[in-house]
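To start, the structure itself, in structure tokens.
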């Protein structure tokens, strides 16, 4: 009787281990693992630089709209300048673990003073280009 219980327990454990072993995905089998393995670092860097250049060009084309937005939010601002080297893309916080959408940040200065700085943020479209109507 005792040996029969031991055999049932051993068989049950063996079945559970074999089922668990079949369902575990290895990191190499995931889509993310395959993507990283197939794309080279050089290509990614070139893509990021190309996207950043497009973003910068877009912002410079809409500089007047950005300046109008800044001046509308503070009557004391008479002159606005932008730090074009400060452009960066970050994941916006929305209170969830995965975060929100990507946003683009650009910093600037008002009235020719480094002490009066501000930042503008934009949501990005599917091509990672900022949407001027989403300025904040």
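The values are calculated or read from the model by the stated rules, or taken from the named source; none is laboratory data. It should be emphasised that the depicted structure is a prediction, and the values quoted were computed from it without experimental measurement. When we count neighbours, we look across all protein chains shown, and the Cβ atoms used for this are built from the backbone with ideal geometry, even at glycine.
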* Asked: Just to be sure, is residue 114 without any contact (Cβ under 8 Å) to a residue 12 or more places away in the chain and assigned to a strand (DSSP E or B)?
  -> yes
* **Neighbours by Cβ (under 8 Å, 6+ apart or cross-chain): first from the range 54-80, assigned by TED's automatic domain parsing to the domain that holds residue 113; second assigned to a loop (DSSP other than H, G, I, E, B) and surrounded by fewer than 12 Cβ atoms within 10 Å (Cβ to Cβ)** => 54/127; 71/78; 79/112
* Could you list all residues from the range 49-67 that are assigned to a helix (DSSP H, G or I) and touching a strand residue (DSSP E or B) at 6+ places or on another chain (Cβ under 9 Å)? => 51, 52, 55, 56, 58, 59, 60, 63, 66, 67
* **Test set (1) surrounded by 10 or more Cβ atoms within 10 Å (Cβ to Cβ); (2) modelled with pLDDT of 85 or more - residue 72 fails condition number** => (1)
